[in-house]
Structures are given as structure tokens and as C-alpha cells.
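To keep things clear, I will list the structure first and then write my remarks on it.
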Amino acid sequence: MQTSQHVFDQYEGHDVTAFQLTNDNGVSATILSQGGLIHEFNAPTADGGHQNVLLSYPTTADYYTNPFYVNMAIGTAAGRTKAAKFVIDGKQVDVTANEGRNTLHGGPHGFSSVNWDGQTAVTDAGATLTLTHHFEGGAGEFPAMDVTITYVLDANNTLSLTYTATSEAPTVFNPTQHVYFNLTGADSIRQQVLQLNTTRHLDVDAEKLPTGDYLDNAGTPFDFSKPTVLGDAIDGMQNTTEKGFDDIFEVKPDADNTIARLSDPDSQLAVTIHSSRNGLVVFTANSFTDDMNLTIGHGKPNMGVALEAQNLSDATRLPQFGDITLKPGEEKSYTIGYHLSF
Ligand code: FUC
């Protein structure tokens, strides 16, 4: 187990630090202080090299030219908060809209927007990075919060991210990581295979806001109950506006919190996602375009698949989705694990 760090580059006038976590099996993860984004997650290959299972960009600024939050930490509220407001205990909090009249992924000053302080360590749990940030709050912002994200790469090839927060005023806390997987570096994930622990997904309106209704997956392209070739499922979505998935699945974590597994049939590579919460957004990068210069080439639809583990979004408006509140005096933590097998 080891950790290292170096100055990755500069972004908006400050240094961006790259923190690398490596285990004894040759698995490594590189996390940037800017946006808490996971720059690379590498599996060892038979020829002594490594395979990055995420989409990556060469520079920090490149990540921010892409509007789709590539690999970034997302919070305090993943997904869409309708009409840029939420109500807790009868009190309304107004925040800033950044997608039409709604607030997407924690708004313009969310977890993805800041340069986090970082500290590495090797502990019994594994190679560890702790990112911390104090969000100031203020008018149009989510209430002030202290947030820690702990990234641990363990001896069993699991990279786990634990988001912990406290706040002085009632707020919401529903973090995720917007990782885009592509297990092979091919220019599309159509050949890769996805299985989800889910029987239903959410009905959404024209603004992609959940209506509160659930839709059955069975008998539709949303049925990932068995390992399913993504290209086949995407073909079944060609009559939708997205021509692919940008959808919120209600997931049922099993005994070890497995909610999803993405695998490549040609190699032994697979990623299993663990989360104790009830939501997973699947976004098949339908809107990636040629002007995006990723490390594996120009952007194109279905170049990666974002698998965003979270609580079902906007749950203060739709309480049947569960509890995403964070109240003064409470500390809440959520963990997402990505287990690599190869
Ligand atoms: C997912 C989608 C959104 C958006 C974002 C970057 O969360 O639901 O539509 O594209 O990713």
C-alpha cells in the first residue's frame, strides 16, 4: 500500500494536486483536489501495464470544458432539485438554478466546483485520501456545511468513497460521484455488460424531474436484472429524446450492498458497485460530442457510462423516496464502493 502526491497542473489560478493511492495488487486510483474528481482508476493487465476503467481528460481545465461533470464529486444534492428550492420542517430554502429553473448536482458552487484540501495516509483500511472543505453558505447557496470525502483503496481492490457532512442549518445531503466507466478504452461502451439490482425506475417529466411515479423495468429496455449488453439496451431506446439512458433506477442493495455490476465479456475486467442507498442514475453519455478531447479520443455518444449511486433525488419534495435531510447536530455519512475484478 502506498500513497503519493504531486502538482497535477493549474486551474483558475491555483495548483491542482493529484493524489495517488496504490495497493499491492497493482491497482491504483488518482484523485484530483479540484472537484474531488477521480482522474484514473487503474487495473493491472497481464502484460504488466494497466487499464484505466474511467473516461479521463489530460488536464483539469479539460474536465471543466465538458458540462457533464466527468468523474467529479457531486453534492450536496445529486440530481435535480425542482425550482431551485426545498422545504424542511416547513421552512423553505432557496438556492441557485443552474439548469433552467432547476438546480442540478448541487448548483454552481457544489462539491464539483471547489479545490479541496487533501491529506493522504496508509491505514489498516488501506491507502487513504481525506478531502475536506467548508462550504460557506449564504444567499442563494445551500446552507453552510463541513464536508469530508474519504477515498480508501483496500487490499481487495475496492475503492470506497465515504462522504460525511455536518451543517448548522437544516439542509439536504445526497452526494454521489459522477464516474464514467469505460472498462476497455474502446470508443463506445456498447459491448460492455451491465447488471442492476432493480425492478423499477422513476417516471420523469420533460425537465427530467421525477414525477413521483415508478415504472416497471420488466419487458422494457430498462430490464437489467440479468447481465445485459449495453448496446442492445441502448438500441431499445432509440425512440426516446435521449436515444439512450439518462434515468434514475430504484435499486435494492443486496446483503453486501451490491447494486450494479459492469463487465467486459472479452477480458476479465469488471466493476461491482456497492451502496446502501436506493438510487442509481445510469447515463450513457448520449450527448458527448466530437469537440470533447478525452484521453482515448474525441467524444461520441456512448463513450462511457456514468453510474451514479445516490438516494432517489429531490426526496424532500417526494418523501416516498426516503430521507436526504441533514439537520444541525447530526453527522451523516454515505459510502460508495467500486470493486475491481480482473
Ligand atoms: C446525469 C444526468 C443529467 C446530466 C448529468 C451530467 O446526472 O441525469 O442529465 O447530464 O448526468
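Read-outs: derived from the displayed coordinates by stated rules, not from any lab. Note that the structure is a prediction, hence the values are computed from the model and not measured. Note that we place each Cβ from the backbone using ideal geometry, even for glycine, and neighbour counts take in every protein chain shown.
General remarks:
- Cross-link pairs exceeding 28 Å in C-alpha to C-alpha distance, out of LYS82/LYS226; LYS82/LYS243; LYS226/LYS327; LYS243/LYS332, comprise LYS82/LYS226; LYS226/LYS327; LYS243/LYS332.
- Vicinal HN-Hα couplings computed from phi for the stretch 181-193 (Karplus, 6.51 cos²θ - 1.76 cosθ + 1.60; Hz; Gly/Pro x): 8, 8, 6, 10, x, 5, 7, 8, 9, 4, 7, 7, 10
- Whole-Hz Karplus values for the stretch 266-281 come out as 7, 10, 8, 6, 8, 10, 10, 9, 10, 7, 8, 8, 9, x, 8, 8 Hz, taken residue by residue from phi with 6.51 cos²θ - 1.76 cosθ + 1.60 and θ = phi - 60°; glycine and proline positions read x.
- As a rough guide to protection, the peptides 4-10, 31-37, 48-54, 188-194 ranked by mean Cβ packing within 10 Å, highest first, stand as 31-37, 188-194, 48-54, 4-10.
- Three principal axis lengths of the stretch 1-147 [C-alpha, angstrom, descending]: 57, 32, 29
- Long-range HN-HN contacts of ASN174 with modeled amide H, under 5 Å: ALA77, ALA78
- A straight line joining the Cα centroids of the stretch 37-69 and the stretch 295-311 runs 11 Å.
- Rounded Å value of the spacing that divides the Cα centres of the stretch 251-277 and the stretch 71-135: 24
- Sorting THR272, THR176, THR171 by the number of Cβ atoms found within 10 Å of their own Cβ, with the fewest placed first, yields THR272, THR171, THR176.
- Cα principal axis extents for the stretch 2-341, largest first, Å: 60, 48, 42
- Relative contact order (%) - the chain, alpha-carbon pairs under 8 angstrom, separation at least six: 18
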